[in-house]
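Colleague: Have a look at the structure that comes next, please.
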């Protein structure tokens with residue numbers, strides 16, 4: 001009899017154990033960071049670990065009070081992390097950020113910025129999708145509730161069609177279903193599935209100025225119905241791809257083998273992708289300098305041009321000048337605008353993170 005009672009109690013114990021496992025997962029919610037540079041903490045009110053980007057999405061719980069327990073998840077550049085030294089304090093962590101002074105955590109390989117992780121930041125590796133180039137990582141921590149907001153869940157509904165015979169709304173056919181609608185009630189198997197949601201497809205909510213770069217000059221104005229695709233985010237800015245039509249006679253074709261429209265930000269975000277590629281940039285000439293030990297990406301003693309760009313970006317770029325083209329630099333005055341065609345030596349220099357190019361041509365912009 002005692003044995004029978006134990007067997008009857010077993011399902012109840014299992015149910016309670018499963019409930020204990022499921023409840024924390026059910027309380028998890030998606031949170032969006034609303035404050036650019038919000039802190040990610042090791043514990044409530046404890047050590048500050050990293051800065052979060054505005055718009056980044058975290059998974060968090062519903063902890064009462066001013067603090068939320070969250071999970072930071074994303075992708076980091078593989079060469080910027082390594083195995084942490086053995087230590088009890090590092091138990092449960094597979095990786096540590098080795099890049100000085102920090103490295104970007106992104107929502108996907110080359111995706112939107114999630115956080116800036118300083119050297120020494122510990123991470124747990126997620127094997128799913130990880131490679132030598134990009135590593136999928138995660139870490140638990142805390143944020144202040146004032147720095148985030150809940151993300152509304154996506155509500156999915158079945159498509160409806162108007163039955164011309166009865167005037168009533170009925171579930172519509174699945175896309176690609178060529179069978180004629182007979183008016184008979186649909187079976188469970190014939191109900192259409194939810195339409196896929198692409199969060200990258202957006203449109204302006206009002207007439208919107210399109211800028212060539214963050215804080216740069218305007219390039220035009222977008223109508224509220226203009227179709228856009230979000231390519232990346234940085235703070236309060238979103239980089240978008242505009243879909244539309246122009247007359248072919250108004251287009252200028254780039255020379256064969258030359259990339260146009262590539263930003264310095266793209267080179268810094270994914271430097272290996274562009275090594276050896278030829279770009280055409282419009283830059284602002286600053287000065288002529290000689291390479292020293294502080295410029296290890298440039299041959300020692302080589303002449304290079306310090307420039308700002310590509311315009312309208314405000315960052316610096318180093319353009320290595322061969323002996324055959326040094327005479328052209330003599331006619332340039334500081335802040336002159338020139339167009340360069342150059343090959344990418346590195347997308348992000350070792351110490352300052354600036355692109356380094358080998359010039360092929362120098363000319364006045366059209």
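Quick note: the coordinates plus some simple rules give every number you see, no bench work behind them. Since the structure is predicted, the reported quantities are computational estimates derived from the model, not experimental observations. Ideal geometry is used to build each Cβ from the backbone, glycine not excepted, and the neighbour counts take in all protein chains shown.
Colleague: Using 1/(1 + (r/R0)^6) with R0 = 30 angstrom and r between the beta carbons of residue 209 and residue 32, what's the FRET efficiency to the nearest 0.05?
Modeller: Details: r = 24 Å, r/R0 = 0.79.
Calculated transfer efficiency: 0.80.
Colleague: Please state, to two decimals, what the Cα-based radius of gyration of the stretch 262-363 comes to when divided by 2.2 N^0.38 Å (N = residues). Could you put the intermediate results ahead of the total?
Modeller: Working: Rg = 12.2 Å, N = 102, 2.2 N^0.38 = 12.8 Å.
Here the answer is 0.96, to two decimals.
Colleague: What Kirkwood Rh does the stretch 60-126 have if only Cα atoms enter the pairwise 1/r average? Answer in Å. Walk me through the intermediate numbers first.
Modeller: Details: mean 1/r = 0.0765 Å⁻¹.
After inverting the mean inverse Cα-Cα distance, the result is 13.1 Å.
Colleague: Label residue 47 and residue 275 with points 7 Å out from Cα along Cα→Cβ: what is the distance between them in nm?
Modeller: 3.4 nm
Colleague: Still on this model: Roughly speaking, what is the stretch gain from residue 100 to residue 324, that is 0.36 nm per residue apart minus the C-alpha to C-alpha distance, in nm to one decimal? Kindly include the intermediate steps, with their values, before the conclusion.
Modeller: On the way: separation 224, 0.36 × 224 = 80.64 nm, distance 3.63 nm.
Here the segment from residue 100 to residue 324 would lengthen by 77.0 nm.
Colleague: A follow-up question, please. Would you mind classifying the stretch 112-155 by shape? Square roots of the alpha carbon gyration tensor eigenvalues, ordered a ≥ b ≥ c; an a/c under 1.5 is rounded, otherwise it is prolate if a/b is larger than b/c and oblate if not. Walk me through the numbers before you get to the answer.
Modeller: On the way: a/c = 2.42, a/b = 1.42, b/c = 1.70.
Because a/c hits 1.5 or more and a/b fails to exceed b/c, the stretch 112-155 counts as oblate.
Colleague: Starting from the alpha-carbon convex hull of the stretch 29-150, give the projected area averaged over all orientations, in nm².
Modeller: Directional mean of the projected Cα hull area for the stretch 29-150 stands at 7.2 nm².
Colleague: For the ranges 331-340, 305-314, what's the packing order if you count other beta-carbon atoms within 10 Å of each residue, average per peptide, and put the highest first? Don't skip to the answer; put the middle values down first.
Modeller: On the way: 331-340: 13.5, 305-314: 19.8.
Put in order of decreasing packing, that is 305-314, 331-340.
Colleague: Taking 37 °C and 0.692 mPa s as the conditions, I'd like the Stokes-Einstein D for the stretch 43-86 in µm²/s, using the Kirkwood hydrodynamic radius from alpha carbon pairs. Numbers along the way, then the final one.
Modeller: Numbers: Rh = 13.4 Å.
Once the numbers are plugged in, D ends up at 246 µm²/s.
Colleague: Now a separate question. Take the Cβ-Cβ distance between residue 132 and residue 89 as r, set R0 to 25 Å, and report the resulting FRET efficiency rounded to the nearest 0.05. Mind dumping the intermediate values first?
Modeller: Values: r = 27 Å, r/R0 = 1.09.
The value I calculate is 0.40.
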